[in-house]
1. Fully extended, how many nm does the chain gain between ASP197 and SER234 (0.36 nm per residue separation, minus their Cα-Cα distance)?
2. Using the alpha-carbon atoms, what tilt in degrees (0 to 90, nearest 10) does helix 260-275 show relative to the longest principal axis of the chain?
3. On a full-extension model of 0.36 nm per residue, what is the gain between SER219 and ALA128, subtracting their alpha-carbon distance, rounded to one decimal in nm?
4. When a footprinting reagent is the concern and you count Cβ atoms within 10 Å, what order do TRP270, TRP98 take, fewest first?
5. Just need log10 I(q)/I(0) for the chain at q = 0.12, 0.14, 0.16 Å⁻¹, Debye formula, equal scatterers on the alpha-carbon atoms, no solvent, rounded to two decimals.
6. Mind giving me the FRET efficiency for ASP182 and ARG265? R0 is 41 Å, r the Cβ-Cβ distance, nearest 0.05 is fine.
7. Post the alpha-carbon centroid distance, region 113-148 to region 248-280, in whole angstrom.
8. Once you put a point 7 Å from the Cα of GLU250 and another 7 Å from the Cα of ASP53, both along the Cβ direction, what distance in nm separates them?
Amino acid sequence: MDNAATNRQSMTGNMKNSSKALILILFFASQLSWAETASDLEKEKRWSEQITDSLVVGESCTLDAAGSPFLGIYTEASEGPSSRAVILLHGIGAHPDWPEVINPLRSDLPDLGWTTLSIQMPVLANDAKIQDYAPLFAEVGPRIEAAIQYLRDRDADTLVLIGHSLGASMAATWVANSQTKDINGLVLIGLGVITADARMNSLPALEKIHIPVLDLYGSRDLESVTASAKKRLSAANKSGNEKYRQLSVEGADHFFVGLEADLTRRVYGWLKSNFEKDKE
C-alpha cells in the first residue's frame, strides 16, 4: 500500500474516532444538563411520604405529568362536591402542605365552598439559587394540566389558579404562554419580578393575561415584590385587563405570618365577587 493510501486510511480513522468522541461528549453534556435542571424527584418522594403519613386535613393523591408521578393534596368542599375549585402552587423549595400561605388556604377555603387541590411543584436542592429554577418552568405546564384534569373528573367547572412567590411566577407565565381556557381566574400572592432569566419574568406574562387576576402582597413583603408593584400594575394595564386588581395588605410579610385568617378572607372575598354571582 502506498503512503497516500495509508494517510487516507489514517485520516478516515481519526475522523471516525473524533466523531465518536464528539457524540459521547454531547451525550454526557446533555445528561449533565438534564440532571442539573430537572426537579429533584428523590426530594419530592421524601416529602410525599412524610406529608401522606401526617396529613390531617384532605387526602393525598398521585397525579401524573407526562409519565412522571407527583403529589397532590385534595380537599373537598365541606358542603360536599363543589363545581368551584382552586389549584394551589407553592413557592421555591416548598411542598403542597407548606405551613405558610399554602396550608391555610388549602384547609380553609373548603369551609367556604371551594374544593382545593394543592400540588407539588418542581423543586431543587436547598442551596439552589432562584435563577436555577428557570429550566424547571418547562415542567410546570404538565403538572397544572394534570391537576386540571383531576378536578374536571370530579365535576369542577370553575377553576382558579393560586400561586405564592415563585409559584405565582410559574402560574402567571404558564397562563400567559399557554393561553389556556381551562383556568377562569388567577391569584398571585407575593409575586416578584425575576429578571435573572427571561423565562421567569412575570411582566411580559401580565401583559398577555385577560382573565380576572388578584395581585395580592404585603406592605412588609420582599423588596422584589413591593418595589415592582407599579411595574406589575402597568403591565396589566397594557393588556387591557379590566379585571386585574392589585391589593396590598397592611402589616403582612411575604408569608402572611399572623395574618393567615386575613389572607383567606381577602382571597375568598375576591373569589366570591368574581365567581359566586349566583349566591348574591
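Bear in mind these aren't lab numbers, they're just calculated from the coordinates by the rules spelled out. Bear in mind the structure is a predicted one, so any value in this text is a computation, not a measurement. Methodologically, a virtual Cβ is constructed for each residue, glycine included, from the backbone with ideal geometry; neighbour enumeration extends over all protein chains shown.
1. 11.3 nm
2. 90
3. That works out to 30.1 nm of additional length.
4. The most exposed by this proxy come first: TRP270, TRP98.
5. Results for the chain at q = 0.12, 0.14, 0.16 Å⁻¹ read -0.72, -0.96, -1.26.
6. 0.95
7. About 23 Å separates the Cα centre of region 113-148 from the one of region 248-280.
8. It is 4.6 nm.
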